[in-house]
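Participant: Have a look at this one before I ask anything.
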């Protein structure tokens with residue numbers, strides 16, 4: 001029973017595990033060997049137990065049941081000669097438990113042949129964990145060689161925007177002396193960042209990094225990314241003009257306040273102090289004011305031209321400040337189709353000021369120029385670069401969205417006098433036109449739900465949808481695209497790859513459950529029967545052997561006479577009378593002289609096989625006859641001892 005349970009548990013634990021590959025696995029040769037050992041061990045243990053039970057019950061049977069010599073011979077050879085069952089049909093009638101035991105012993109190799117086939121090796125879609133793999137991330141700590149070229153490779157802004165020659169009392173510092181302070185866009189972003197910002201604003205999509213390994217895998221990563229903390233307010237606005245044809249209203253205006261220096265930087269950026277408290281302590285501010293023209297009340301006077309025009313609508317103001325937060329990104333790659341999901345940990349949102357530092361360093365060499373950063377300043381140097389990389393996407397996204405949308409109100413002549421109309425944005429009685437400011441991408445961005453481009457009029461009937469979620473979604477797309485394109489930042493993460501791996505599968509559990517269950521269901525009661533027979537016999541029987549033959553066939557003259565006729569051996573020499581003789585194992589009535597120490601003792605009755613008229617049945621342990629015989633024996637011993645006393 002223990003071996004059968006162990007075999008099933010072994011298969012159950014093995015099922016689903018790989019049979020080959022780089023992951024830890026149990027080779028198929030070992031699995032087959034262990035399975036065969038468990039199955040054969042089960043068969044041998046059950047055969048051994050049934051053999052012991054067979055022997056004990058056989059000797060109980062010959063004690064209680066008179067049998068022909070031929071039937072008795074067939075019973076003793078039944079386990080080794082299955083045909084004996086057919087040569088002596090009386091076995092089934094008088095010794096059916098022994099016949100069943102023998103049949104189980106015969107068929108045990110068949111029973112143990114099925115369980116190893118319960119498990120098979122087949123390709124399974126398995127998730128394989130690849131620990132501590134290198135994956136792309138955003139803005140990892142700087143650990144380069146401190147050359148200008150390497151710094152540029154890890155930075156989103158041109159190096160001259162964050163590495164500036166120091167000024168002391170208006171005089172230039174010695175050549176090769178630099179001050180790392182804060183990020184200040186002077187000449188615009190790098191070409192890569194400009195392209196990524198433009199793509200994200202126009203398409204509203206991002207570039208997903210390629211799979212680190214294989215085509216079907218997933219992994220999670222986390223890093224600090226740029227974020228905008230926004231507050232929204234609104235107020236009701238009224239347009240009132242005597243000439244509705246020429247009325248203009250600023251419907252959209254976005255401005256960027258650079259660390260307290262104002263949206264337009266009143267003095268050139270190159271003249272700003274390198275160490276500026278405003279920069280180090282302030283966040284940048286991006287403000288968007290736009291008109292919500294979904295439900296507008298318009299009232300006109302009855303005169304067709306030079307009418308009195310009045311419109312009521314809502315102006316919304318979104319004021320955002322620079323911040324940073326932890327991005328938790330989940331990447332999924334399925335058959336060359338990739339997607340990702342980003343969640344922002346709101347508990348980690350914190351203000352993002354203009355800079356870290358300042359840090360004064362010197363340089364050596366000419367090509368390439370290498371900065372001499374003391375080891376104690378390595379962490380601060382890395383923070384300066386990371387701070388700049390967090391600010392760069394926010395600043396350049398805000399710059400590309402900066403501009404104005406002037407709304408030209410035009411009344412519809414078909415309106416009845418003193419009529420009032422509440423209508424959707426793109427319907428009459430008004431129209432809007434967009435006037436681009438600089439290089440703003442507002443017209444082509446996803447902030448415009450409807451911004452058609454028509455000839456010299458860039459846009460008409462503009463419908464804007466602007467909120468903090470949309471702006472942060474743009475930042476997310478820019479950030480993911482940046483880490484995919486830069487390729488200089490890496491982190492460690494666990495990959496989970498879906499692959500077809502040859503694995504063990506308990507595909508046919510019936511092969512192990514049914515044979516073992518049937519064998520145990522039939523065998524255990526017979527083993528219990530053998531234990532009961534052992535107890536009833538009172539002595540353990542020997543399973544065959546010459547001594548067993550010698551000591552159990554002495555004392556019967558009838559058997560000795562007939563057996564002597566077949567002393568040459570062979571089936572043909574055995575007398576028929578001996579085969580047909582009905583015998584029983586018990587106490588012989590005739591007495592046989594016994595030897596003790598070379599001396600012949602007084603003749604006594606012995607136990608052995610003999611004809612039924614020459615033997616007395618042996619009482620079983622626990623029977624009334626056995627208890628009576630024991631009492632008489634004790635009384636006889638007492639009578640023998642009393643004269644001596």
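The values are calculated or read from the model by the stated rules, or taken from the named source; none is laboratory data. Note that the coordinates shown come from a computational prediction; the quantities given were computed from them, not determined experimentally. Here Cβ is always computed from backbone atoms with ideal geometry, including for glycine, and neighbour counts include all displayed protein chains.
Participant: Which of the residues that make up the range 515-542 are assigned to a loop (DSSP other than H, G, I, E, B) and loosely packed, with under 15 Cβ neighbours inside 10 Å? Outline the logic, then answer.
Facilitator: Quick first cut of the range 515-542, residues assigned to a loop (DSSP other than H, G, I, E, B) only: 538-542.
Matches in the range 515-542: 538, 539, 540, 542.
Participant: Residue under question is residue 44, and the condition is that it be in contact with a helix residue (DSSP H, G or I) (Cβ under 9 Å, 6 or more places away or on another chain), more than 21 Å from residue 504 (Cα to Cα) and not in a helix (DSSP H, G or I); does it hold? Lay out the reasoning, then the answer.
Facilitator: Working: in contact with a helix residue (DSSP H, G or I) (Cβ under 9 Å, 6 or more places away or on another chain): yes; more than 21 Å from residue 504 (Cα to Cα): yes; not in a helix (DSSP H, G or I): no.
Spelling it out, it is not the case that residue 44 is in contact with a helix residue (DSSP H, G or I) (Cβ under 9 Å, 6 or more places away or on another chain), more than 21 Å from residue 504 (Cα to Cα) and not in a helix (DSSP H, G or I).
Participant: Another one. Please note which strands (runs of 3 or more DSSP E) are completely contained in the range 290-388 and include at least 1 residues that are at pLDDT below 65, in the same structural domain as residue 402 (by TED's automatic domain parsing) and in contact with a helix residue (DSSP H, G or I) (Cβ under 9 Å, 6 or more places away or on another chain).
Facilitator: Numbers: elements: 309-334, 337-351, 355-364, 370-372.
Filter on the range 290-388 gives 309-334, 355-364.
Participant: Show the residue pairs that are 6+ apart or on different chains and have beta-carbon atoms under 8 Å apart, the first residue being within the range 10-36 and over 22 Å from residue 128 (Cα atoms), the second being in a helix (DSSP H, G or I) and modelled with pLDDT of 85 or more.
Facilitator: 32/116; 34/10; 35/7; 35/10; 35/11; 35/115; 35/116; 36/116
Participant: Something else now. Quick check on this structure: which one of 131, 118 is modelled with pLDDT of 85 or more and closer than 30 Å to residue 210 by Cα? First the steps, then the outcome.
Facilitator: Values: 118 fails: closer than 30 Å to residue 210 by Cα.
It is 131.
Participant: Enumerate the helices (runs of 4 or more DSSP H) found wholly within the range 55-150, keeping only those where 3 or more residues are touching a residue at least 60 places away in the same chain (Cβ under 8 Å). Can you show your working first?
Facilitator: On the way: elements: 69-76, 84-87, 90-94, 96-111.
Here the list reads 69-76, 96-111.
Participant: Would you please name the residue that is surrounded by the most Cβ atoms within 10 Å (Cβ to Cβ), looking only at residues in the range 543-565 that are at pLDDT below 75 and in a loop (DSSP other than H, G, I, E, B)?
Facilitator: 555
Participant: Quick one: residue 530 ticks every box in (1) at pLDDT 70 or above; (2) farther than 23 Å from residue 61 by Cβ except a single one, so which number is it?
Facilitator: With respect to (1) at pLDDT 70 or above; (2) farther than 23 Å from residue 61 by Cβ, residue 530 is out only on (2).
Participant: Tell me the residue from 503, 481, 473 that is surrounded by 15 or more Cβ atoms within 10 Å (Cβ to Cβ), part of a strand (DSSP E or B) and modelled with pLDDT of 80 or more, please.
Facilitator: Numbers: 481 fails: part of a strand (DSSP E or B); 473 fails: part of a strand (DSSP E or B).
Of 503, 481, 473, the one residue that is surrounded by 15 or more Cβ atoms within 10 Å (Cβ to Cβ), part of a strand (DSSP E or B) and modelled with pLDDT of 80 or more is 503.
Participant: Also, I was wondering about something else. Only one of 628, 579 is modelled with pLDDT of 75 or more, surrounded by fewer than 17 Cβ atoms within 10 Å (Cβ to Cβ) and either closer than 29 Å to residue 106 by Cα or not assigned by TED's automatic domain parsing to the domain that holds residue 49 (or both); which? Please lay out each step first, then the result.
Facilitator: Details: 628 fails: modelled with pLDDT of 75 or more.
Going through 628, 579 in turn, the sole match is 579.
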